[in-house]
Structure formats: C-alpha cells, structure tokens
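Notes for the one structure printed next.
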Amino acid sequence: MSVKIKNRIIVITSAVLVFTLSFLFVVLPKSGYSDSERRPLEKFPEISMETLLSGKFMKNFDTYSVENFPFRDGFRGLKALASKYLLLQLENNDLYVDKDGYIVKIQFPNDGSVDNAVKKLNAVYDKYLKDSNASIYLSIVPDKNYFADDFRLKPDYEAMVGTVTSGMSYAEYVDLFSVLEKDDYYKTDTHWKQEALLPAAEKLANAMGVQLSGDFTEHTASDSFNGVYVGQAALPMKPDTIKYLTSAAIDRATVTLFDNKLEGETMPMYDETKLDGKDGYEFFLGGGNLGLMKITDPSNESGRRLILFRDSYGSAIAPLLTGAYSEIIVIDTRRVNPAVLGMFVDFNDADVLFLYSSLVLCDSSEIK
C-alpha cells in the first residue's frame, strides 16, 4: 500500500470520527448531571451581545462541550488508565491512589476558608449559645490525607486545628486524630467507616460526661459500595463494604425530620433504600443531605440533650451516641439556615458539639 493511500485512509477515518462524534454531540440528549462524578455538568451558556464580546460565551461553551461530550466517561477512563499505567503519574484529576489502594484527594484550604468557617460557627454561638448555659465541645475529623504517609501534599493540620480552637475558645476541644487511623476510612470514599468509630464515640462521650449504651452488634449492609472518588478518579477500583452497628438503644430510637417549622415524618436510622442509589453513604441518616433531625430514645429518662452541629461525617457517628442522651438534635448548617434554628431548637442547658471534617473546613463555602 502506497504512502498516498495510507494518508488518505488516515484523513478519511479521522474525518468520519470527528463528524460522527460532532453529530452525536448535537443530537444526543444532555443529562446535565454526571452520576459517576456526582456533580452537575455545565449548561449551554447564555448567548448575548455582552457574553459574545467579552469572550465569556466561548469560555463557557468550551467547558460545556468538554463536559457533555459523547462517551465522556469512557474517554475519562482511558485517560486515567493511560496516566497511571503508561505515564506512571501518581495522581489524576487531583486524586491520588496510595500504595494500600486508598484514594485521597489533593486539597489545600481555600484562601481564608478555615477562618471563614470559624466566623460562621461563631455567629451561631453569638446568636444561640452565648447566654444559654450550654456545655460546648469542638472536634475535627481528619480526612484520609492525614494518614497517607507516602503522600506529602496535604494541608497543615496542626495550623488548621490551632486556627479553629483559638477562634472557638469557648468550646472544649476533643482530639479525634489520636484515635483514628487510615483503615478507619473507606478506600473509595471520603468518609469514615461506622464500625471503626467506637473509640472516637467513646472519647466524645467521656469528654461530655455520658456513657455509650450497651453492646453494639456489627452487620453488613452492602459489599458493593463505590464511593465518590471512584467516578472522579475514573479508575477501576474494588468496591468497599458498608457495615453498620446496632444496639438496643439504636433499635428503639425514633428519628424525626423537621419540616416547615413542625416535626415531620419519621425516618429510619439506617435506610437500606439508599444503598443502591447514587451515594450509598446516605444509608447513614441521609448522609449529608438532611439539615435538621431529632433522635429520641424513649427509655433514656436522664433528660440530657445533645445538639450536634455536623457535616456528613456526623451521620455515621450520631447513631452511636444514641442512648447516651434522651434526645439528640442533628444540625447540618450546609442544608439549613442558622437564622431559623431558634424556631426548632431549645439550646438552654444542652450539650453542644461542633463536629466538622477537615475537608469541609478547607472548603467552607457551603456552610451557611
């Protein structure tokens, strides 16, 4: 075969490929959401004289075309495999797989993010807790980066803790770094494993002067949990196993959602219907999607109440504190505006625990 014919074949094949993909890009429906990455995709940009002249339209259209390209997930997977096994790159899409198969995210604090988080939590303190006679506690949940010894690109955790504790000096700090290790986290997800959290729950309970109730029994909920990092890394990974703990207190407790200024419907502590959804971690008290709920133990007559300000990490540990209190109010200020909390919550004479992960502190824009 002559060089001329080979060149023609290459040109024709390339043209057909470009035309086919362009045609599919135009005619195929756009979902607007990436299930694998668990995030919304760029929408078609607004066309106006202003956006055209400023260049904003073309900039946004570039992002739109890349994020809605046909067979995007397949191409992302090929790129990730090539980066890892051909180019021998240690990270892809700002994610790093360490020698033990744990995926960790390269994430440094956004400018002023930790200070911003402290400022917002202080606003809650000033509005509701300053004159409430509440006993206030503070704890930070480290992310997996803290334990990845062979991975040096990670935040300065000591500085982070110092900023938070000095800025919230009214709260007693409970150190969880010392009772956690890398194996306490899912390999494919950001979160910690509930079955590994009893030492952390006991340390919190001891600091707050309560006792965890009864013996806990471990169960398996799913052995096919693909965490959020699987889709983002676009690499084939072995699924994690979701296990959970029950006790007599957990079994008898009632979980109630708050809705429209009133107590709404009850929900399960562990929701098996979420295991086959987009995020299996929602099995634990809805993961990070619910703003305000109440856990009531009808057999605990102590009258002690815990108000837990938390992010999604709190969904796994809150059930373990059930039974130590008559009532636990669980609040996620990423999902509910703190300005309305006074309509739902009595802060007087309660124990109050601020429990936030280092990931949220590093990117506190979602905290209201």
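General observations
- Within the set 225, 309, the sole residue that is hydrophobic (A, V, I, L, M, F, W, C) and more than 21 Å from residue 179 (Cβ to Cβ) turns out to be 225.
Rundown of residues vs (1) farther than 26 Å from residue 329 by Cβ; (2) part of a strand (DSSP E or B); (3) among the acidic types (Asp, Glu); (4) in contact with a helix residue (DSSP H, G or I) (Cβ under 8 Å, 6 or more places away or on another chain), yes/no style:
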position: 223; (1), (2), (3), (4): yes, yes, yes, no
position: 237; (1), (2), (3), (4): yes, no, no, yes
position: 241; (1), (2), (3), (4): yes, yes, no, no
position: 245; (1), (2), (3), (4): no, yes, no, yes
position: 251; (1), (2), (3), (4): no, no, yes, no
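- Checklist (1) in contact with a helix residue (DSSP H, G or I) (Cβ under 9 Å, 6 or more places away or on another chain); (2) farther than 21 Å from residue 202 by Cβ applied to residue 310, failing item: (2)
- Unique match (being under 17 Å from residue 316 (Cα atoms) and either of a type in the set (Phe, Trp, Tyr) or buried (at least 19 other Cβ atoms within 10 Å of the Cβ) (or both)) among 257, 235, 198, 212: 212
- Count of segment 225-235 residues, restricted to those that are touching a Gly at 6+ places or on another chain (Cβ under 8 Å) and not in a loop (DSSP other than H, G, I, E, B), is 1.
- Filtering segment 211-219 for residues that are in the same structural domain as residue 113 (by TED's automatic domain parsing), hydroxyl-bearing (Ser, Thr, Tyr), in a loop (DSSP other than H, G, I, E, B) and more than 30 Å from residue 99 (Cα to Cα) leaves a non-empty set.
- Strands (runs of 3 or more DSSP E) lying entirely in segment 257-368 (those with 3 or more residues that are hydrophobic (A, V, I, L, M, F, W, C) and closer than 23 Å to residue 184 by Cβ): 305-310, 351-357
- Of the candidates 290, 306, the single residue that is under 23 Å from the mean Cα position of the chain (by Cα), crowded, with 22+ Cβ neighbours inside 10 Å and in the same structural domain as residue 346 (by TED's automatic domain parsing) is 306.
- Qualifying residue in segment 184-200 (condition: among the acidic types (Asp, Glu), part of a helix (DSSP H, G or I) and within 18 Å of residue 320 (Cα to Cα)): yes
- Residue that is modelled with the lowest pLDDT, among those in segment 322-348 that are closer than 23 Å to residue 269 by Cβ and among the small types (Gly, Ala, Ser): 323
The values are calculated or read from the model by the stated rules, or taken from the named source; none is laboratory data. Please read all numbers here as calculations on a predicted model, not as lab measurements. Cβ: placed from backbone, ideal geometry, glycine included. Neighbour counts: every protein chain shown.
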